[in-house]
1. Only one residue in Thr560, Thr574, Thr508, Thr582 is under 27 Å from Gly56 (Cα atoms), modelled with pLDDT of 95 or more and either surrounded by fewer than 18 Cβ atoms within 10 Å (Cβ to Cβ) or out of contact with any Leu (no Cβ under 7 Å at 6 or more places or on another chain) (or both), so which one is that?
2. Look through segment 28-45, keep the residues that are free of Cβ contacts under 8 Å to residues at least 60 places away in the same chain, closer than 18 Å to Cys277 by Cβ and not polar (S, T, N, Q), and return whichever of them is least open to solvent (accessible area, probe 1.4 Å).
3. List pairs: first residue in segment 167-182 and in contact (Cβ under 8 Å) with a residue 60 or more places away in the chain, second residue open to solvent by 60 Å² or more (accessible area, probe 1.4 Å) anywhere in the structure, Cβ distance under 7 angstrom, at least six positions apart or on different chains.
4. Kindly indicate whether any position in segment 361-370 is touching a residue at least 60 places away in the same chain (Cβ under 8 Å) and farther than 19 Å from Ala481 by Cα.
5. Out of (1) open to solvent by less than 60 Å² (accessible area, probe 1.4 Å); (2) under 26 Å from Gly512 (Cα atoms); (3) assigned to a helix (DSSP H, G or I), the odd one out for Thr348 is which?
6. Do you know which residues across segment 351-386 are among the small types (Gly, Ala, Ser), crowded, with 19+ Cβ neighbours inside 10 Å, modelled with pLDDT under 95 and part of a loop (DSSP other than H, G, I, E, B)?
7. Out of the helices (runs of 4 or more DSSP H) lying entirely within segment 23-138, which hold 3 or more residues that are of a type in the set (Ser, Thr, Tyr)?
8. For segment 83-99, which residues satisfy the criterion of being surrounded by 23 or more Cβ atoms within 10 Å (Cβ to Cβ) and aromatic (Phe, Trp, Tyr)?
Amino acid sequence: MLETQSEKASQRLMNNLAQLVAAVYPEHDTQTLSQNVIDRFWQNDKRPRMRGRVAGNAQWSEKDNYLIAYGNTIIDGEHKPLDLLRDFAEQHLEGTINGIHILPFFPFTSDDGFAVTDYRQVNSELGAWEDITRISEHFRLMSDLVLNHGSSQSVWFNEYLQGHAPYDKYFFEASPDDDLSDVVRPRAHPLLREVETANGTKHVWCTFSHDQVDFDFRNPDVLLEFLEILRFHIDMGVRTVRLDAVAFLWKQAGTSSIHLKQTHDIVKIMRLLCDYCEERVILITETNVPRAENLSYFGNRNEAHMVYNFSLPPLVLHALLKGTSKYLKAWQMSMPPAQLGCTYFNFTASHDGIGLRPAEGIIPNDQLTEMLNTVQSFGARVSMRETKDGPKPYELNVALYDAFKGTVDGIDEYQAARFICSQTIAMGLEGIPAFYFHSLVAAGNDSEGVERLGYNRAINRARFDYSELRAELSNSKSPQAIVFNQLKRRIRIRSKQPAFHPNATQFTLHLGDEIFGFWRQSLDRAQSIFAISNLTKDEISLPAVSLNLIDGNDWMDLLTGAPIQSLEGDLTLTPYQTMWITNRMAN
């Protein structure tokens, strides 16, 4: 009987997989290729679950969050950087942060890790796999699957140049005569790079840089290779997999070569395999594009479990620089609740800059220009991308703490308060919050790094000497310690509130443009939280009755512990203050 059930389960997986494989590779034998997928993903006597996981909201909770950091964010010249990151996390973050996204920790040649030379090794300058697995024992580990492109100095590309199978068909070739006019570009350099190979002169496709050569997923062997790598990473302790630059995966001359159907189908294949894993694996897609395109990677609950909330960083920045919730509120009202089994990944800063494309159609161009000019006056840089109409701003490069030095009116004394407000807004929204290491410790612009390394993103990628960092954080009067301790305190409060479950109900409040507010309600409807933030440098009062607080409940502000004395009185918010007003204090 068990064998019959096992056979039925295998057949169910095979049938679902075959439909996707046939859609991506119609010219190949579907059954053979589907079996190859299963054999490459489940090796060494591993077997899939009897049933795929059903989409639900139990795979995460209000306790979940992530730290984003490079493997060598912390250094001391003596110990392995991964050991230092683990030590810092265990000493300062355990009990507060429960997930860590370690940015690409593989051998690489450029782009701070995103031009990978070997997907199965840990960069020896950082440590070894044992250091990665030690981190995964205490924190949910997220890593990058950089599957759109690989290093031009990798063994794979060298084998391609020499015409050696199977690598001679691993990289995407095109012709300068192809119609590439509609290709969406995140960079301004030429798309094609001419190379000499054993098979003659070729032009390889390079979406991001000429050191990052795009793979050719039209060749199913490339997909099989990456599915095997995905399985290997899971075996090494990875439980959240970030699909880097996945939107550009499938290319076709005469099209935009972004978000093509085959790309979505390949994400569906990966989701299907992960749903049949014994390990609980979550897929997150990194697609720095306008909102509707980004949301498409949820599919029909059969693609990504999480998508980056890319519109959030520019909108929160604009709201606090201008002192208005107008565009942030309009965007939030238009955002659909995540589908069952899906959620948003809420961040305000990362190793990259603040993407501007996700603000397209939301923040008017004149407002966007004013925001860019303001933050540039605080030391920021602006990166450009190539379009049919010429170069356009693509990304704002700045350490987020310094982006809040002032407002459109200039620098003022509210930098820390404004910054903490930005992080508290992101903590409260539907989804799972993530904190870039540099933001968590209130790091400023690394302008010297930009000059030394020659690229704008270096402004927010400084390395920290461990002893100096600990000294700064132990000085209770330093801005770094003040921000760090305040954010940790708020994260711990958040993690105890059922109304902050990633899928808890959310409604936008209408309290005037100077305030951004929303209501969250726990899945069991027992707890409500009214999250309201003053976006200005002025003290603001609003009638408590405007929140529709239910009479008979004892309401209080979670962040101060102060009770709401009267539902007939006013609530007063100091400059950039956030209140989390709840009817139930969770233990």
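The values are calculated or read from the model by the stated rules, or taken from the named source; none is laboratory data. All of these numbers come straight from a predicted model, not from anything done at the bench. With ideal geometry, Cβ positions are generated from the backbone for all residues, glycine too; neighbour counts draw on all protein chains shown. What goes into the accessible areas is simple: the full protein's heavy atoms, side chains included, and nothing from ligands, DNA or RNA. Shrake-Rupley method; radii C 1.70, N 1.55, O 1.52, S 1.80 Å.
1. Details: Thr560 fails: under 27 Å from Gly56 (Cα atoms); Thr574 fails: under 27 Å from Gly56 (Cα atoms); Thr582 fails: either surrounded by fewer than 18 Cβ atoms within 10 Å (Cβ to Cβ) or out of contact with any Leu (no Cβ under 7 Å at 6 or more places or on another chain) (or both).
Of Thr560, Thr574, Thr508, Thr582, the one residue that is under 27 Å from Gly56 (Cα atoms), modelled with pLDDT of 95 or more and either surrounded by fewer than 18 Cβ atoms within 10 Å (Cβ to Cβ) or out of contact with any Leu (no Cβ under 7 Å at 6 or more places or on another chain) (or both) is Thr508.
2. Here the answer is Ile38.
3. Once the first residue is in contact (Cβ under 8 Å) with a residue 60 or more places away in the chain and sits in segment 167-182, no partner that is open to solvent by 60 Å² or more (accessible area, probe 1.4 Å) comes close enough.
4. Going residue by residue through segment 361-370, those that are touching a residue at least 60 places away in the same chain (Cβ under 8 Å) are 361-362.
Restricting the remaining residues to those that are farther than 19 Å from Ala481 by Cα gives 361-362.
Yes: one or more hits.
5. For Thr348, the failing item is (3).
6. Quick first cut of segment 351-386, residues among the small types (Gly, Ala, Ser) only: 353, 355, 359, 361, 377, 379-380, 383.
Subsequent filtering for residues that are crowded, with 19+ Cβ neighbours inside 10 Å retains 353, 355, 359, 380, 383.
Now narrow it down to the ones that are modelled with pLDDT under 95: 353, 355, 359, 383.
Gly353, the sole residue that qualifies.
7. Values: elements: 30-41, 81-88, 129-136.
Output list reads 30-41.
8. none
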